[in-house]
Amino acid sequence: MSAAKLPVAIVGLGQMGQGIARALDRAGHLVVASDRDPAQFAACDFSDAVTDGDVLRTAKVLFFVVPSTAQIEGFLGDSTADDCIIVDLTTSNPQASIALAAKLKPRGFSYVDAAMTGGAAGADAGTLTLMMGGDPEVIAQIDDVLDVISSQRFRMGDIGAGHAMKLVHNLILHSSFMATCEGLSLAQRAGLDVAAATEVLNAGNARSFVTEVRFPRDILSGTMNARSRISNLEKDMALARDFASDLNGPAPYTAMTQALLSTACEQGDAARDFSWLFAMFSDLATKQEPAT
C-alpha cells in the first residue's frame, strides 16, 4: 500500500500541531484532526476533507503532538487497531516510549518515536527535522507522509532512540539559550549595546542558533514571540535531568538550567513566551544564588 494513500489523523493542535496538520491537509493526507479544545480545530481552517471524528475508525497513521507519551496512552485507553502506525512527535522519556510501544504492539499498533526540532515556524513550513526511533520497515511505510512535514530525518536506532536524541538536543539548546541570556545581560550591565554585542557573537566562535536566529528575531526585534512557553522548556529540562540520572551521567548544566526555569514557573511565569527569559534573567539568577 502506498504511504501517500494512507489515511492520516493528528491529535493535538497546539503551536506545533496546527502547522503539521495544515501541511498534511495541503498535501491531501489528513482526514481527521482532534484536540480537546474544539476552538483549535476551527482555527486551522482545514479543507472539507478533514473532520474532527473518530481518529481510530478512519486513520492508518496517527500523529500525536501532545505533551508526552502519558497523553498518548490516556487517549488510546484500551483501544485496538488493525495495523495502525503511531507516530509519537512528543518530547518524552525514552523508557516511557519503549514501555508504551510494548503495550501497543499486541493491540495492533506499530510505534515510531519521531521527536522534532525546528519550532513552530518549521512546522508551518513543513521543514522540521525528525529524530526517529523504530523499525526501519515501519518507518519506510510512512516516508511519503513524513516528507510533507520534514526536510531532514535521522533514524537514531530502535524505539526510544529518537526521544533520547531529542533530550540531548534540548538540554544543549536550552542551556545555550540561558548561557546567552547570562552573557548578554552582563554586556547590557557593562553599557554595551545588546544588538551590537549579538553581532559580535555571530562574527565569532560563540555564534549559535540562539544568537543568529532566536535573539534577533524574537527578542531584539521586540516581538517576544518564540512560540513556546517557559513551562515547555522547564518540562524538557526536567526530562533531560531525569534521563541523565537514569544513566548515572553527570549533568550540572542541565540541573542549573532546569532550576532557573523552575524558578520562573514557580513565580507565575510558566505560561509566558520563553523569549521573556532574557529580560527576567538577572532576577532569576539572583534567586538561585545561595544566601551568605
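Quick note: the coordinates plus some simple rules give every number you see, no bench work behind them. Because the structure is predicted, anything quoted here is derived from the model rather than measured. Glycine gets a Cβ as well: all are built from the backbone with ideal geometry, and neighbour counts include every protein chain shown.
With a cut-off of at least 2 residues that are within 15 Å of residue 168 (Cα to Cα) and out of contact with any strand residue (DSSP E or B) (no Cβ under 9 Å at 6 or more places or on another chain), name the helices (runs of 4 or more DSSP H) lying wholly within the range 187-267.
In the range 187-267, 230-246, 252-264 are the helices (runs of 4 or more DSSP H) which contain 2 or more residues that are within 15 Å of residue 168 (Cα to Cα) and out of contact with any strand residue (DSSP E or B) (no Cβ under 9 Å at 6 or more places or on another chain).
Could you please find all residues in the range 122-144 being over 22 Å from residue 18 (Cβ atoms) and in contact with a Ser or Thr (Cβ under 6 Å, 6 or more places away or on another chain)?
Within the range 122-144, 138 is the sole residue that qualifies.
Could you please let me know if residue 243 is among the aromatic types (Phe, Trp, Tyr), out of contact with any Leu (no Cβ under 7 Å at 6 or more places or on another chain) and surrounded by 17 or more Cβ atoms within 10 Å (Cβ to Cβ)?
no
Only helices (runs of 4 or more DSSP H) wholly contained in the range 72-177 count here; list those with 3 or more residues that are more than 16 Å from the chain's Cα centre (by Cα).
Filter on the range 72-177 gives 94-104, 136-141, 143-149.
Quick check on residue 251: is it surrounded by 19 or more Cβ atoms within 10 Å (Cβ to Cβ), small (Gly, Ala, Ser) and touching a residue at least 40 places away in the same chain (Cβ under 8 Å)?
Yes; evaluated as a whole, the condition is true for this residue.
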